[in-house]
Structure formats: C-alpha cells, structure tokens
Amino acid sequence: MIENKTHSKVDIAAFQQGKKGNYCCGDAYVTVEADNYFICALADGLGSGEGAYHSSKIAMDVIREHHQENVPNLLEKCNRALIQERGVVITILKVYFTTNEIVYGNIGNIGTFLFSDKGESTRPIPAPGYMSGRKFQYRLAHFPFRKGFQFLLHSDGVTVSQSDQQWLKNAHSPELSIQHLSKKAKNQNDDVTIIAGFIT
C-alpha cells in the first residue's frame, strides 16, 4: 500500500507490505513536522508479523510523543521502552530548518540514502546490532541540506541497486520514487517499508 503525506516543508510517500502469510507488516514508521524541524523514523521489528510490529510500534510511539528531543535522547528513550520486547533496528532523521542540517541516528540494517539538490548521493553506514533495552552503540552523523534535498529509508525487505540510485536522483517526486521501488518489493518474501521524502 502506498501512502502520501504532505507536510508544509517536506513531501513524503511510503510503501508497506507484510511478509507473505502475515496479516500485518512488522515495520512501523512515523513523520512529525514542527515549526523548526521535521522527523522521519523507521523501525523494523525483529522477525516478522504481529510480534515484530508490536516492538516497532513501541519505538515509533516514543518518537511521536517526544519528537522535540534530540536524536541521541530519542534513541535512548526507544531503547528503554523496549525492555523485555523483541527489539528493533531503527533509523531516525531529524531535519532542522533553522540550521539547514539533518541529524542521522541509527542502529541496525535500515538502509538510508541522501540526495543533495545537485544530485550528489550519500549512504550513511548503519551501526551493527539492534535495540531491545540493553546497552547499545548507535551511529550519529550530521549532513547539510538545501531545498530540493531528497532522502530514502527502507527496511531490509528490498534492495536498492546502483541503477536504482541513479534513477532516484532524477525522480521529481516521492511518489515516483516509491512507485519505482515498490515494483521490486512485491517480489520479496519479507516485511518491506520504503519511505521517500523531498524537502520543498
């Protein structure tokens, strides 16, 4: 299923699909926009189905409730909320409009691609592991942006190839990006979430 969300400064399109045989997707995502910042986060619950979704939803509920906090604090709060839960891998992107900076926070295999307004691409390297209430080591990075910047987050149910990356650089809307990648995702036997965002 493809969803479109239009915020005042960021356009979002997303695709989700559950693993064959499950009635729900084990991934969850959230987008929140405030006056000075925007957050997009994606969590992939370990395993698949309802148990995985329960963990990923807990993490996204934490972010929705505490979105005003910085990325390290959000990651720590998510981790504490997942004590005795199945656990998740997660990426948070927080876009600060006042400083034109994106803060990337991650643990685990959520794929992330960033495309500048000039077509330059960056793929932050994720931190190994997952969060489930125990001590963990996250990865934090900062990236500048201008209007026209694009980002893409995806769970491990889909692979984004070099040719896909070249195609995405020239996409003119998040909907086109999602339509392109969702065709590949339909052949995968796993939970899949893909989120494309354009900063307008």
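Descriptive notes on the structure:
- Filtered residue count, region 19-30, keeping only those that are surrounded by 22 or more Cβ atoms within 10 Å (Cβ to Cβ) and either of a type in the set (Gly, Ala, Ser) or under 14 Å from the mean Cα position of the chain (by Cα) (or both): 4
- Residues in region 178-200 that are in a helix (DSSP H, G or I) and either within 21 Å of Tyr104 (Cβ to Cβ) or among the small types (Gly, Ala, Ser) (or both): Ile178, Leu181, Ser182, Ala185.
For every residue, the table says whether it meets (1) among the aliphatic types (A, V, I, L, M); (2) modelled with pLDDT under 95; (3) more than 26 Å from Phe198 (Cβ to Cβ); (4) touching an Asp or Glu at 6+ places or on another chain (Cβ under 8 Å).
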{"position": "Ser8", "(1), (2), (3), (4)": "no, yes, no, yes"}
{"position": "Phe38", "(1), (2), (3), (4)": "no, no, no, no"}
{"position": "Gly51", "(1), (2), (3), (4)": "no, yes, yes, no"}
{"position": "Ser55", "(1), (2), (3), (4)": "no, no, yes, yes"}
{"position": "Ala59", "(1), (2), (3), (4)": "yes, no, no, no"}
{"position": "Lys94", "(1), (2), (3), (4)": "no, no, no, no"}
{"position": "Gly111", "(1), (2), (3), (4)": "no, no, no, yes"}
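- Taken together, the criteria exclude Gln137 from residues that are surrounded by fewer than 20 Cβ atoms within 10 Å (Cβ to Cβ) and part of a helix (DSSP H, G or I).
- Matching entry among Gly18, Gly47 (being out of contact with any strand residue (DSSP E or B) (no Cβ under 9 Å at 6 or more places or on another chain) and of a type in the set (Gly, Ala, Ser)): Gly47
- Looking at Ser55, Ser116, Ser8, Ser48, just one residue is closer than 27 Å to Gln179 by Cα, among the polar types (S, T, N, Q) and surrounded by 22 or more Cβ atoms within 10 Å (Cβ to Cβ), and that residue is Ser48.
- Sub-7 Å Cβ pairs linking a first residue in region 50-77 that is closer than 21 Å to Glu33 by Cβ to a second residue that is at pLDDT 95 or above and among the hydroxyl-bearing types (Ser, Thr, Tyr), at least 6 apart or interchain, are Met60/Tyr29; Leu75/Tyr138, ordered by first then second residue.
- Residues in region 18-77 that are more than 30 Å from Thr98 (Cβ to Cβ), assigned to a helix (DSSP H, G or I) and basic (Lys, Arg): Lys57 alone.
- Selection from region 119-172 of residues that are at positive phi and modelled with pLDDT under 90: Gly119
- Any hit, region 157-177, residues being assigned to a strand (DSSP E or B), in contact with a Gly (Cβ under 8 Å, 6 or more places away or on another chain), surrounded by 14 or more Cβ atoms within 10 Å (Cβ to Cβ) and not small (Gly, Ala, Ser): no
- Residue among Phe143, Phe149 that is crowded, with 18+ Cβ neighbours inside 10 Å, of a type outside the set (A, V, I, L, M), over 25 Å from Gly49 (Cα atoms) and in contact with a strand residue (DSSP E or B) (Cβ under 6 Å, 6 or more places away or on another chain): Phe149
- Qualifying positions in region 78-126 - part of a strand (DSSP E or B), of a type in the set (Val, Ile, Thr) and in contact (Cβ under 8 Å) with a residue 24 or more places away in the chain: Val88, Val89, Ile90, Thr91, Ile92, Val95, Ile102, Val103, Ile107, Thr112
The values are calculated or read from the model by the stated rules, or taken from the named source; none is laboratory data. Since we're looking at a predicted model, the values are computed, not measured. Heads up, the Cβs are rebuilt from the backbone with ideal geometry, glycines too, and the neighbour counts pull from every protein chain shown.
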